1. Work out the FRET efficiency for M53 and Q13 from their Cβ-Cβ distance, taking R0 = 25 Å, and round it to the nearest 0.05.
2. Given a Förster radius of 22 Å and the C-beta distance between L33 and D64 as r, what FRET efficiency does 1/(1 + (r/R0)^6) yield to the nearest 0.05?
3. Packing-wise, with mean Cβ within 10 Å as the measure, how do 47-53, 60-66, 35-41, 18-24 rank, highest first?
4. Can you compute 3J(HN,Hα) from phi for each residue in the stretch 29-35, using the Karplus curve 6.51 cos²θ - 1.76 cosθ + 1.60 with θ = phi - 60°, rounded to whole Hz and x for Gly and Pro?
5. Classify the stretch 16-64 from the C-alpha gyration tensor, please: rounded if a/c falls under 1.5, else prolate or oblate depending on whether a/b exceeds b/c.
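A short reminder: the numbers here are calculations on the coordinates, not readings from a lab. Everything quoted here is computed from the prediction, not taken from an experiment. Here the Cβ positions follow ideal geometry from the backbone for every residue, glycine too, while neighbour counts run over all protein chains shown.
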Amino acid sequence: MPRYYEEKEEDGQACAGVKEDLRQCLLESACVLQENKTPRQCLKEGHCRSLQMTFFACKRSMLDTRARFRGRKGY
């Protein structure tokens with residue numbers, strides 16, 4: 001389900017693909033489009049939960065010293 005493609009220009013930041021997918025998921029959710037809530041409110045209500053957890057795991061792996069040997073988790 002990732003929407004991060006090679007033809008987009010390279011962001012250079014860690015976890016950029018997951019961040020972009022999470023942003024698109026929130027902006028296209030019914031919570032934002034129909035209920036006119038902010039993406040932050042929808043995120044707190046639990047929308048796009050799997051992408052949020054993937055983004056958290058990716059960011060957390062940057063702090064993990066074992067990630068230097070195993071590589072970052074996520075995209």
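1. 0.85
2. 0.05
3. My ranking of the peptides, most packed first, is 18-24, 47-53, 35-41, 60-66.
4. 6, 5, 4, 7, 6, 9, 8
5. Cα axes put the stretch 16-64 in the prolate bin.
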